[in-house]
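Undergrad: My questions all concern the structure below.
What follows draws every value from the coordinates through simple rules; no lab data is involved. Since this is a predicted model, take the numbers as computed values, not measurements. Here the Cβ positions follow ideal geometry from the backbone for every residue, glycine too, while neighbour counts run over all protein chains shown.
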Amino acid sequence: MDEKQHHPDTERLESDQCLELLRAVSVGHLAVSTGDRPQIFPINFTIDHGTVVFRTGPGTKLDTLRAQPHVAFEADGVNQETGVAWSVMVEGEAELFGGIEETLDTFDLMLFPWESGPKEQFVRIVPSSMTGRRFKVTDPTTWWKNMSKE
């Protein structure tokens with residue numbers, strides 16, 4: 001069945017709408033694959049020229065990005081007043097910043113890690129696809145009503 005039949009009130013978002021929503025939050029989740037195991041890391045990020053940029057330091061995440069740069073990134077949010085939620089998914093290639101010019105450009109990003117410790121490596125996710133959706137959060141009692149009918 002077509003997904004529209006299941007969720008008629010779900011709005012599919014264009015890339016520019018996705019980027020606008022991503023600019024409104026600062027934390028998302030980076031998904032990487034090491035061998036045959038997925039790993040997900042919370043990261044704080046910024047949007048720069050249509051790409052997702054974050055900082056990291058030595059460790060599992062950076063080692064994995066060097067070995068397998070194909071990643072997924074997800075962020076979402078909800079407006080508590082309107083009850084409208086959104087979710088954005090980005091798939092792409094992680095590129096490590098290198099060279100003096102890119103390093104100097106990072107100063108304009110104002111990207112400061114939340115966690116202490118060395119986070120000198122800037123990483124840019126260049127999207128190969130970006131999808132998003134926006135929808136009204138369903139009243140939790142809806143689920144109880146539906147369950148009692150079964």
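Undergrad: Restricting everything to alpha-carbon atoms, can you work out Rg to Rh for region 1-98 with a Kirkwood hydrodynamic radius?
TA: Checking Rg against Rh, the ratio lands at 1.02.
Undergrad: Ordered by residue, what ³J(HN,Hα) values in Hz, to whole numbers, does region 108-114 give under the Karplus form 6.51 cos²θ - 1.76 cosθ + 1.60, where θ = phi - 60° and Gly and Pro are x?
TA: So the Karplus estimates, Gly and Pro as x, are 6, 6, 6, 9, 10, x, 7 Hz.
Undergrad: I need two numbers for region 9-64: Rg to one decimal and Dmax as a whole number, Cα atoms only, in Å.
TA: For region 9-64, the Cα radius of gyration and maximum Cα-Cα distance read 13.7, 43 Å.
Undergrad: Shifting gears a bit: From a point 7 Å beyond the Cα of ARG37 in the direction of its Cβ, which residues of region 59-75 have a backbone N at a distance under 20 Å?
TA: Only 59-72 fall inside the zone, counting backbone N under 20 Å.
Undergrad: When the Karplus curve 6.51 cos²θ - 1.76 cosθ + 1.60 is applied with θ = phi - 60°, which whole-Hz ³J(HN,Hα) does each residue of region 40-49 get, with x for Gly and Pro?
TA: These are the phi-based 3J(HN,Hα) values: 10, 10, x, 9, 8, 8, 9, 9, 9, 6 Hz.
Undergrad: For region 8-91, run through the GluC sites (Glu not before Pro) and keep only the ones in DSSP coil with at most 10 other Cβ atoms within 10 Å of their Cβ.
TA: Within region 8-91, the qualifying GluC sites (Glu not before Pro) (loop, at most 10 other Cβ atoms within 10 Å) are GLU81.
Undergrad: Roughly how far apart, in whole Å, are the Cα centres of region 13-34 and region 120-136?
TA: Using only Cα atoms, the two centres lie 4 Å from each other.
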